[in-house]
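These notes are about the structure you will find just below.
The values are calculated or read from the model by the stated rules, or taken from the named source; none is laboratory data. Bear in mind that the values here come from a model prediction, so they are computed numbers and not experimental data. Backbone-built Cβ (ideal geometry, glycine too); neighbour counts: all protein chains shown. For accessibility, only protein heavy atoms count, side chains too; no ligands or nucleic acids. Shrake-Rupley method; radii C 1.70, N 1.55, O 1.52, S 1.80 Å.
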Amino acid sequence: MEVYNFGAGPATMPKQVIQQIRKDLPSYQGSGMSIMEISHRSKIFEEIIGTAEKDLRELLKIPNNYQVLFFQGGCTQQFTAAPLNLGKKYHRIALLDSGHWATRAGIEARLVGMDVDVLASSKESNYTKLPIIKKKPADTYDYLHITTNNTIEGTAYSKLPDVGKLTLVGDMSSNFLGQQYNINDFGEVMAGAQKNLGIAGLTIVIVRNDLLSNNENLPSMLDYQVFAKNKSMFNTPPVFAIYVAGLVLKWVKSQGGLVEMEKRNQTKSNLLYDFLDHSELFTAPVIKSDRSLTNVVFITGNQKVDQDLISQAASKGLLNIKGHRLVGGMRASLYNSMPLTGVERLVDFLEKFEKNQRGRS
Ligand SMILES: *Cc1c(COP(=O)(O)O)cnc(C)c1O
């Protein structure tokens, strides 16, 4: 049975990439060694990480005055690293509370001594829309943390808020490479790889040179300057995850880059939202203007029906559509590697399920 994985992360990957990994595994490019066995200081790996950076720069049009850093520790570790590196003048950061991951970022920043001001929150509306800044924020923040796509709640900024001169730090984990942004609008972008760039174990940080710290007291493993100086090889980098990211980047390029990825994600999510909006059983709770292209949240309002739906879907090869435990209901993640056919199959299934429900009541 053909299987479609709608999980939020670790998430589905391009079939071609999995096949390439399989082919490369016993002996990478005739070296007689697996990619897992070669030194990160070898020519082979230097080529892999160098090409990955080059392709990423090309795809995201990253300006030359930005560093591309390869970290471990997940995006969560960057909730600690960003304030340590960037929060050096005011020790004060601003936050847009758009849901779970934004809240987490605030908690971690406070743990390293930052004052965190929530400029706006959409908690009162259960995060079914994005928080709106009512007045121009003060300049006395080191930066404003924003979650460009809220993986759990299913909202996304298609247009960034106007924050004046304030430096924007974007957690782009779940729409990285899936939606176009201008890197110049950010002082820093952080993204875990396991949603749209490959496998867990790698986190990308893109940071503007003038924001690199000269603080010698920072722990080396969290210091952007140390990683920049050592080309992300201060210690052993996650070689396999970087190799996989390189393959995914090549795949994105071969498919037509970010313009094409965003177009496809728009088409896929439109198809699903359109069905949900016309359904009598399902509701997509997020307001239209703020809907995510990559994480589509929907509910029936009846937990038993939801559970029934989720298990029936799984038996048809439509996997992991259970919503996050914090919000319940269902969530279909439609990252770059989810083909349109997968979404068509899902909509088809939901349609039939709804008809059967009607038959019952
Ligand atoms: C998944 C996710 C995270 C957490 O990433 P880890 O790599 O598990 O630390 C943070 N922010 C967003 C928006 C995410 O989707």
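Things to note:
- When Ile199 is tested against (1) within 16 Å of the ligand (Cβ to nearest atom); (2) open to solvent by 30 Å² or more (accessible area, probe 1.4 Å); (3) farther than 16 Å from Pro10 by Cβ, just one condition goes unmet, and that condition is (3).
- Within the stretch 288-312, the set of residues being more than 25 Å from the chain's Cα centre (by Cα) and either assigned to a helix (DSSP H, G or I) or not β-branched (Val, Ile, Thr) (or both) comprises Gly301, Asn302, Gln303, Lys304, Val305, Asp306, Gln307, Asp308, Leu309, Ser311, Gln312.
- Checklist (1) polar (S, T, N, Q); (2) open to solvent by 10 Å² or more (accessible area, probe 1.4 Å); (3) within 30 Å of Gly50 (Cα to Cα) applied to Ser289, failing item: (3)
- Only helices (runs of 4 or more DSSP H) whose full extent lies in the stretch 1-92 are considered here, and the ones with at least 1 residues that are closer than 26 Å to Ser220 by Cβ are 43-60, 74-86.
- Number of the condition not met by Ala332 [criteria: (1) within 25 Å of Lys129 (Cα to Cα); (2) over 26 Å from the mean Cα position of the chain (by Cα); (3) at pLDDT 95 or above]: (2)
- Residues of the stretch 99-122 satisfying the condition of being touching a Lys or Arg at 6+ places or on another chain (Cβ under 6 Å) and within 13 Å of the ligand (Cβ to nearest atom): none
- Given (1) out of contact with any helix residue (DSSP H, G or I) (no Cβ under 9 Å at 6 or more places or on another chain); (2) within 23 Å of Gln77 (Cα to Cα), number of the condition Glu188 does not satisfy: (1)
- Residue that is outside the structural domain of Tyr127 (by TED's automatic domain parsing) and either at positive phi or not in a helix (DSSP H, G or I) (or both), where the choices are Tyr273, Tyr335: Tyr335
- Answer from Gly178, Gly198 - the residue that is within 15 Å of the chain's Cα centre (by Cα), at positive phi and assigned to a loop (DSSP other than H, G, I, E, B): Gly198
- Which listed residue, of Leu60, Leu111, Leu25, is modelled with pLDDT of 95 or more, open to solvent by less than 20 Å² (accessible area, probe 1.4 Å) and not assigned by TED's automatic domain parsing to the domain that holds Leu346: Leu60
- Filtered residues of the stretch 128-151 (kept if in contact (Cβ under 8 Å) with a residue 60 or more places away in the chain and either more than 18 Å from the chain's Cα centre (by Cα) or more than 16 Å from the ligand (Cβ to nearest atom) (or both)): Thr128, Lys129, Tyr143
- Count of the stretch 202-226 residues, restricted to those that are of a type in the set (A, V, I, L, M, F, W, C), touching a residue at least 12 places away in the same chain (Cβ under 8 Å), more than 16 Å from the ligand (Cβ to nearest atom) and over 30 Å from Pro161 (Cα atoms), is 1.
- Hits in the stretch 238-270 (condition: in contact (Cβ under 8 Å) with a residue 60 or more places away in the chain and not in a helix (DSSP H, G or I)): Pro238
- Any hit, the stretch 242-253, residues being surrounded by fewer than 17 Cβ atoms within 10 Å (Cβ to Cβ) and either in contact with a strand residue (DSSP E or B) (Cβ under 9 Å, 6 or more places away or on another chain) or among the polar types (S, T, N, Q) (or both): no
- All positions within the stretch 40-98 that are of a type in the set (Ser, Thr, Tyr) and within 16 Å of the ligand (Cβ to nearest atom): Thr76, Thr80, Ser98
- From the options Ile183, Ile204, residue that is surrounded by fewer than 24 Cβ atoms within 10 Å (Cβ to Cβ), under 21 Å from Pro63 (Cα atoms) and in contact with a strand residue (DSSP E or B) (Cβ under 7 Å, 6 or more places away or on another chain): Ile183
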